[in-house]
Amino acid sequence: MDPRERLVQLLDATGGRGSFSARRTAQPTHLRIDVTGVGPLTMPVSAAQAKRLIAVARPAQYGQGEHTRTDASVRHTWQVPKSRVRIDRRQWNRTLVPILEGLRDDLGLPVDKRLKAELHSFLVYSPGQFFLPHQDSEKSDDMVGTLTVTLPGPSRGGELIVRHGQQQMIYRSSDRLLSFVAFYADCRHEVKPVTSGYRVVLTYNLLLAGSGAAAPTPGSGETAELAACLAEHFTAQSRLVYLLDHQYTTRGIGWANLKGADAERVRGLAAAARASDCEIALALADVHESWSASEPEEPYDRDRYWYGDPDEDEDDEDDEPDDPDDADTYELDELLESSVTLNAWVDRSGSAAPAVATAVGEDEVCATTPTSALAPYESEYEGYMGNYGNTMDRWYHRGAVVVWPTGLDFEVRAEASPQWALDTLEALIRDGDLTRAREQAESLTSFWKHLRSADSLGEPAGRRPDLGRALAVAHGLDDAGLAAMLLAPFVLEQLTPTHADLLAALTDRHGDRWVRALVAEWSGRPYWHAGVRPGWIAALPHLSGALRDANGRMAARLVLAPVGEQLVESLQRARAITEPSRRAQVLDELAAPITGLLVGAAISEAPEITAATIDVLTDGDDRLGIVLSVLRGLSQADPDVRTGSGFDALARNALARLESRLDRPPRDPDDWSIEPSKCDCSICSILNDFLTDPLCQKLAWPLKEQSRRHVHERIDRYELPVKHATHRVGRPFTLELTKTPALFERETRQRQADEADRDWLRALG
């Protein structure tokens, strides 16, 4: 049997001594209530008194997001304002305090804690009134549940139904006794319609107070069995995540605030963790499950909806009605996928702690109560979409306890928060404990390289190690292998001038070959190949200058090399773009990065990068535009840098090509020839004859639809100065092509631009 299954069985047998809800009764002797406008209440509450209460009440509301709603189809009851209600607390406590002690034990709360009750609302249900299923919110850090006190009276119906998971309890009021019902805040509950008489209820928030001393630990035999399960589990995994039965909030999660069976089971796991030399922490789990689902056969019943806190006063707005698309209305068939993420960590001492995990794998998770048996806080149904069937997505909040071996503490925490790991290693190096720092760094090898570090990838802050800190730790470890491992997750684009000193120092310490391998790793990661931001390349002169000043010219050259290769590839890809305007735009966007590369190469004294880049730039007349843009950028550089950037060679090449183009005579006004389309099909053969004919301006061409589309596509793709129109007469229709004056306008504008560029280059000498 899987050790997690055996562990769940052992914890299930523990059971816990508490329930999710409990009921007690008492005589109403000490409850003395005076309501302004009504007077003192007598018990049992008569129908006449209930009607007088309703006369000073108003319809109860419920919270929905940031709004307070009044909707009798959701919450149909009367609420007496608390400002009108006076209770003799001294007398009332003679009954309430002992009742709360008993309910504390019934709910399985710590015996050294005490329950306090804060009055929340005073409600009156008349015949036919109800409140649909809903869930309360925990309104303070120490709130654990809700208490309802139903006053005695001759009413029928109005049952309070409390559910948790697949369990439910039904509570009815008494004709003669006070009925106290307490339940945890994460339990769904509803009030059924009152069939006769009036149901009068006080509701309270239940708060847990006290020191929270250590609870009794399980017996040695049970602890040994649980410890054995942990030991076997940790032969293959580094963490165990046990999901608790109850929900908790960020404010309410804590060792002393665990509910019902959760408290007993966590105590068992804590004892087993101590016995097996393991660490333990509490956390909140967000669970997402995706199921294949079937739609309901019956119409959706109103009673299946559930909404906000029935005990919410008129100024409370934090309990929101649930989505009517509730999972209860669909039949779940097969679990397709699930995920668990953890947050809000609490360590053994009860203090907030660094994360031990974010997302956890299914082989690390177990639970006594399956998540599907609980109520989701949100659900979403998607019907049949063609490629896949009906699906139901459900989201849950659960408490969790996480256990991991003490010997793997650094590794486990480091995987959850790489930045924490770097901070810890840096502190060890600073304290002179280099041996321990290297040992802990070595433990990261199994996962560190696969971290995604770039900000744009959307990783949480703790999952994004900082390159500057990683460089500092890599240098401090003074170990080439560990340094390369620590720096592997990054991409080249993350380098900035602030990193120059450390990168130069690492180059000096570990050699050119080590840096070459590191840069190859950085430039080989998928994020780099997805496309480097042009702005980073354009700013390369600053990085190159910082590396030069740090005696790191070799590191600079190694960094520039893959950038040059990528830009060369980009230039080659641009040549394949057939639309002239799009090709010009892409080339124009590459001008600033290429300028940055050439200036960086000059600063770094990397003539091989300069020569390779210039060779590609000067290969073909179609790149004259980008060459001129690069030259304008280079002309702003310092004279020494401009000389080393290949400016003179580029300028001579550009000037020669401009003069060659300008030596050609302008187009004759009667020359309507156009460069032909690059297609050798039979249709384009006729099209090209028309384009290259200097005298022919129009062509009437009977063509079938498919051939017409092909001609249209050729004209549009190459942005030819030809207007095309179809005359829909006869069969096939006639395509009429007309050359436009744009042919002459384009060439005139280009010649004027060439003359201006030639004069600018000549002025530069």
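Computed values, structure above
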read-out: Local electrostatic count at L434 - Lys and Arg +1, Asp and Glu -1, tallied over other residues with Cβ under 11 Å; value: -2
read-out: Pairs of Cα atoms farther than 24 Å apart, the stretch 635-753, %; value: 46 percent
read-out: Accessible area (Å², 1.4 Å probe, nearest 10) - Y718; value: 40 Å²
read-out: Residues listed by number, the stretch 249-267, amide nitrogen under 18 Å from S349 label point at 7 Å toward C-beta; value: 254-256
read-out: W760, W514, reordered so the largest accessible area comes first (probe 1.4 Å); value: W760, W514
read-out: Environment charge at T692 (Cβ cut-off 12 Å; Lys +1, Arg +1, Asp -1, Glu -1); value: -3
read-out: Pairs of Lys in the chain closer than 23 Å at Cα, counting only those 8 or more apart or on different chains; value: 18
read-out: Nearest-ten-degree value, helix 3-14 long axis tilted from longest Cα axis of the chain; value: 20 degrees
read-out: Computed magnitude of the charge dipole of the chain (debye, nearest 20; Cβ of K, R +1, Cβ of D, E -1); value: 1600 debye
read-out: Percent carbon-and-sulfur accessible area, the chain, ignoring ligands, DNA and RNA, probe 1.4 Å; value: 48 percent
read-out: Sequence-distant residues sharing a close amide H with V144 (under 5 Å, placed H); value: L206, L207, L208
read-out: Projected label distance in nm at Q636 and R89, using a 7 Å step from Cα toward the beta-carbon; value: 7.2 nm
read-out: Semi-axis lengths, Å, the stretch 569-612, gyration tensor of Cα atoms, sqrt of 5 times eigenvalues; value: 25, 11, 5
read-out: For the chain, alpha-carbon Rg over 2.2 N^0.38 Å; value: 1.40
read-out: Once the Cα gyration tensor of the stretch 132-244 is diagonalised, semi-axes √(5λ) in Å; value: 40, 17, 14
read-out: Order of exposure, largest accessible area first, which applies to H499, H288 with probe 1.4 Å; value: H288, H499
read-out: For the stretch 576-583, 3J(HN,Hα) per residue [Karplus equation, 6.51 cos²θ - 1.76 cosθ + 1.60, θ = phi - 60°, Hz, x = Gly/Pro]; value: 7, 6, 7, 6, x, 5, 5, 4
read-out: Extension reserve of the D277-R513 stretch, reckoned as 0.36 nm per residue once the Cα distance is removed; value: 80.6 nm
read-out: Accessible area in square angstrom per residue, the chain, 1.4 angstrom probe; value: 46 Å²
read-out: In Å², nearest 10: area of H727 left accessible to a 1.4 Å probe; value: 80 Å²
read-out: DSSP-defined beta bridges in the chain - what % are antiparallel, rounded to 5; value: 95 percent
read-out: On Cα atoms only, tilt of 553-575 relative to the major axis of the chain in degrees; value: 80 degrees
read-out: Amide H partners (placed H, <5 Å) of K259, local residues excluded; value: none
read-out: Net charge of Cβ neighbours under 11 Å - reference G646; Lys, Arg +1; Asp, Glu -1; value: 0
read-out: Separation in nanometres of the label points that stand 7 Å from Cα toward Cβ, at D588 and E232; value: 7.0 nm
read-out: Accessible-area value, R533, 1.4 Å probe, nucleic acids and ligands omitted, Å²; value: 130 Å²
read-out: Mean Cβ neighbour count within 10 Å, used as a protection proxy, ranking 427-433, 440-446 highest first; value: 440-446, 427-433
read-out: Additional length obtainable on full extension of the chain from T692 to R436, 0.36 nm per residue less Cα span; value: 84.3 nm
read-out: Relative packing of 274-285, 685-696, which averages over residues the other C-beta atoms within 10 Å, highest first; value: 274-285, 685-696
read-out: Cut-off under 5 Å, modelled amide H: who pairs with V45 long-range; value: G153
read-out: Between 0 and 90°, nearest 10: helix 467-477 axis offset from the chain longest Cα axis; value: 90 degrees
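The values are calculated or read from the model by the stated rules, or taken from the named source; none is laboratory data. What you see is a predicted model, and the numbers here were worked out from it, not measured in a lab. Neighbour counts run over all protein chains shown; Cβ positions are idealised from the backbone, glycine included. The area values use the complete protein model at the heavy-atom level, side chains included, leaving out ligands, DNA and RNA. Shrake-Rupley method; radii C 1.70, N 1.55, O 1.52, S 1.80 Å.
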